[in-house]
Amino acid sequence: MDIEAEIRALQLDSAEDNGTVDAQESNPQGVEHVDKMEEDFEASPEKSESMHIEPEGKEEEVVANEDNEAADDVEDEKNKKRHLNVVFIGHVDAGKSTTGGQILFLSGQVDDRTIQKYEKEAKDKSRESWYMAYIMDTNEEEREKGKTVEVGRAHFETGSTRFTILDAPGHKSYVPNMISGASQADIGVLVISARKGEFETGYEKGGQTREHVQLAKTLGVSKLLVVVNKMDDPTVNWSKERYDEIESKMVPFLRSSGYNVKKDVQFLPMSGLIGTNIKTRVDKNICPWWNGPCLFEAMDAVEVPPRDPKGPFRMPIIDKFKDMGTVIMGKVESGSIREGDALLVMPNKVNVKVVAIYCDESKVRCAGPGENLRVRLSGIDEDDILSGFVLSSISKPIAAVYEFVAQLQILELLDNAIFTAGYKAVLHIHSVVEECEIVELRQQIDPKTKKPMKKRVLFVKNGAVVVCRIQVNNMICVEKFSDFAQLGRFTLRTEGKTVAVGKVTDLPVTGSC
């Protein structure tokens, strides 16, 4: 028996060395333990349920993580730099697109290689000085003629602000496009050419410098940076006399257009083509007399009135297209928008849902007032949306009307025209362009006392301020100027000329839905 016991012990040792222990013999207690677990498992349904607790715990963790991410997103929104829309306005060939292009180059939005490509392209067309404008003027017609037609759009950032550049056309044929650009802007950069003869052409009667300033003020551009461009031109050569001459002529005109020159207007010299006094201050060797800021500093310092992120939502639609659904473009004038929001497209009263929001090419979960957005919607077809429609909150929708009461200031009527009931014009209000008719002149306002005159008014002439009733052919979305200034101010144009500016003072009771 002793020999058998020894042999048995040796077999066990060798099995352990090879790692092949017989489970039943080496650990009978373990087997009993496993059998016991299986029996318990079958006998106790409570324990079987307890086995599924862990995945539920994981789901709770995932939900908590998503909530944290959403909270982080909201924090990001709050901590974001402020956003401003800047419209570049001025007479044709003043250098608006070139300045816009130079800003994008200096802020790192365009690389050297692209600039070299544009330089070669411009040289091939014998237009060497246009290459910077090619950054903003993207279509072939604009590059061929050197004239901006559509409103160019681009983004750049400084230390404290995100800017959207709106490059408006300067040619008088494209003023309606300039109006659509200026109606989205918070601040304006009026570009004036210092070159001999060019400033005078833009400033004289019929020049676009004058019309653009009046339109900008009417369309809500309350702050203006007046940049005297082309100071490097051989006819100017950074001359203080030329700069002072332009400033002295512009100040009275800006004042007469309604700007507070001390508070709301700032002048500065620069060269858009070579980039002097744009990102960094001009060298004292070049311009010893200038002690003010450069363009970036001046734009950063502009203060604009705060907007209400909790107000009723309003976003006039400026464009629409198809991209995995219906996508609309516009600027948020009031309120905030989030993914999943249920909203209303007015005036056709279609309920829609917000599927996605894009701001400056990147996708965001929510956005506040002042942001230029692309919004993907479900519940509406692209064909059912027109420029001028408004994306609006359901609880407080925007008014949709065929007529409204307005206070008008007559600027300059066409030769031999009389402004009376029956006068027809084209109405521009936010992104709406609609034919309209003056159906009733109610009362004339005394320009001195600002009070209504007692005598009955049948017609008015240039410079008059009059309260009248205006009718349109198709239903449009408007607000009272006192409630939403940006959706209640408008211009009237006839035959390519701005004849009057005004504000909506009253809406019919049946106007809102």
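When a 1.4 Å probe is rolled over the protein heavy atoms, the share of accessible surface on segment 165-234 that falls to carbon and sulfur comes to 48 percent.
Pairs exceeding 26 Å between alpha-carbon atoms, taken from 223/503; 217/262; 451/503; 223/320; 196/249: 223/320.
Using 0.36 nm per residue and subtracting the Cα-Cα separation, the extra length available between residue 114 and residue 497 on full extension is 134.0 nm. Qualifying trypsin sites (Lys or Arg not before Pro) in segment 163-262, where qualification requires a DSSP coil assignment and no more than 16 other C-beta atoms within 10 Å, comprise 196, 205. Amide H to amide H, with H built 1.01 Å from N, residue 85 comes under 5 Å of 164, 186, 187, counting only residues 5 or more places away or on other chains. For trypsin sites (Lys or Arg not before Pro), the sites in segment 446-513 that DSSP calls loop and that have at most 10 other Cβ atoms within 10 Å are 448, 450, 454, 455, 456, 461.
What whole number of Å gives the distance from the Cα centroid of segment 230-284 to the Cα centroid of segment 191-212? Using only Cα atoms to place each centre, the spacing works out to 13 Å. Give the carbon-plus-sulfur fraction of the accessible surface of segment 247-357 in %, rounded to a whole number; probe 1.4 Å, heavy atoms of protein chains only. Carbon and sulfur together cover 53 percent of it.
The values are calculated or read from the model by the stated rules, or taken from the named source; none is laboratory data. Just so we're clear, the structure is a prediction, and the values are computed from it rather than from any experiment. Note that each Cβ is placed from the backbone with ideal geometry, even for glycine, and that neighbours are counted across all protein chains shown. Keep in mind that these areas ignore ligands, DNA and RNA; they rest on the heavy atoms of the full protein, side chains included. Shrake-Rupley method; radii C 1.70, N 1.55, O 1.52, S 1.80 Å.
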